[in-house]
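Worksheet: one structure, shown below.
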Amino acid sequence: EHCGVWWARAPAARAIGMAPRPRPSGAERRWASVEAGRRSSAPARRTPRRRSPFVVRSALAALCWSCEAGTAKAAEQRFLLDIPRITTAELERNQSLRSGLHAYIVTDWVGSRWSASSWTLEYLRQKIPFEWVDYYPNNMEDPGSKPYLYRFEEALPQFLQKSKIPKYMQLRLGLRGWNRLKKDINPKPVPEVFWDDDSWIGQCMKKPSGKVDREAVDNFFVTQQWKFLLIGEKGTSMFFHKDGTAASSWQAQIVGKKRWTLCPNSQSHLLDVNINTFKPDYTRFPKFAKALCGQVTMSPGDLLYYPAYWWHHPYNLETPTISYTGALVGVEADRMDLGGEQKPHARFYQDLLGKCAKCWKKADPKRLCDDISEKWPGAAPPMMRSLCEDYLPECFKKWDAHARALHGVARQEL
């Protein structure tokens, strides 16, 4: 069964976080039980150390591919990682997906519940003309691509001009822009899973007077690229990468279609930012063929979720393509691929403190880093000292409490 290589390929199974089982039929039974759970209203039962059915199914497919690879001329990436398309009701009762450790697409929320589903470029120009844009007139497929910085009202006319090379824009929303758009992007599906910053940021970023520190909130949004509006033409893409902080991400497809490649952080040793996952060069990057990755196409109304540090490569299939992406913290269960720290929200906190250390020393008011926004208006400023020293420790308490309430006993699936 399964190419007869379950035990022979046990090292490959361990590489993606699976413990080998003496009988592959056990994996089949576990997958069948989860499939049954997705069709019923009863939540799936937890058992200690149970491996995710999505990892199991993808791993079995990968093992079969390994069996077939010996007859192929050269190994190629088969994109066998399963990225399920689900409804909100299925997410509510599926404990494996609620763990936050797997990518998936929610298909029945954005188009029916959000006013954002009717966004147009002109509507956005009227709502947020002042927001800064990273404008890429020559695409963003190269890791070395550098943007021009414009206000949205200045960038949009250039974007609409016809050109031979497809154009791409990233809008880093600040607090003012977010307040103008957020009514269009609410409510969130399964609020405890898509636990938005509106639920915690006003509680942990308060001045001594008790009022929300709006300047600090805006600084957090902009410096962490917390809220993005992404607009592109057919053929544009952001290069293959993983984010620098351990926040999980979600993206709502508003206009046009987009193709995605997603790979877990555990596959990082096989990946490189210079890989074009839609046209791989296996001569330069032969290891990419061995990575467990998946591909999926998003249509308007789809909402994609993927965990912290996952590699991702989006590719726009139509003109224009409009997407909104946000970040989440405090929603993932414990995982084993974070370099010694099992709690993703704790790793995110460490990532932020690392950024803070480049600019501030404890109790020293002198900033150690440059503020490039003074030279290039629209560039992200440094993190504020009050954000680093006063607010982040309080926010971490909120993230930790929510993660414990959502997941209880730590789970170790990756």
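Rolling a 1.4 Å probe over the heavy atoms of the protein chains gives the range 139-260 an accessible area of 43 Å² per residue.
How many angstrom separate the Cα center of the range 333-397 from the Cα center of the range 79-150? Spelled out, the Cα-based centre of one part sits 25 Å from the other. Each part reduced to its alpha carbon centroid, the range 213-245 and the range 291-321 end up 15 Å apart. The heavy atoms of residue 373 present about 30 square angstrom of accessible area, all protein chains included, probe 1.4 Å. At the residue level, residue 367 shows approximately 90 square angstrom of accessible surface with a 1.4 angstrom probe and all protein chains present.
Within the assembled protein chains, the solvent-accessible surface assigned to residue 399 is about 0 Å², based on a 1.4 Å probe.
One quarter of the convex hull surface built on the alpha carbon atoms of the range 189-343 amounts to 10.7 nm², the projected area averaged over directions. Computed from the C-beta positions of residue 126 and residue 357 and an R0 of 30 Å, the FRET efficiency is 0.15 to the nearest 0.05.
Within the accessible area of the range 97-181, what % is carbon and sulfur when the probe is 1.4 Å and the other protein chains stay in place? After summing per-atom areas, the C and S share lands at 47 percent.
The values are calculated or read from the model by the stated rules, or taken from the named source; none is laboratory data. Since this is a predicted model, take the numbers as computed values, not measurements. Quick reminder, even Gly has a Cβ in these numbers, built from the backbone with ideal geometry, and neighbours come from all protein chains shown. Ligands, DNA and RNA are excluded from the accessible area calculation, which covers all protein heavy atoms including side chains. Shrake-Rupley method; radii C 1.70, N 1.55, O 1.52, S 1.80 Å.
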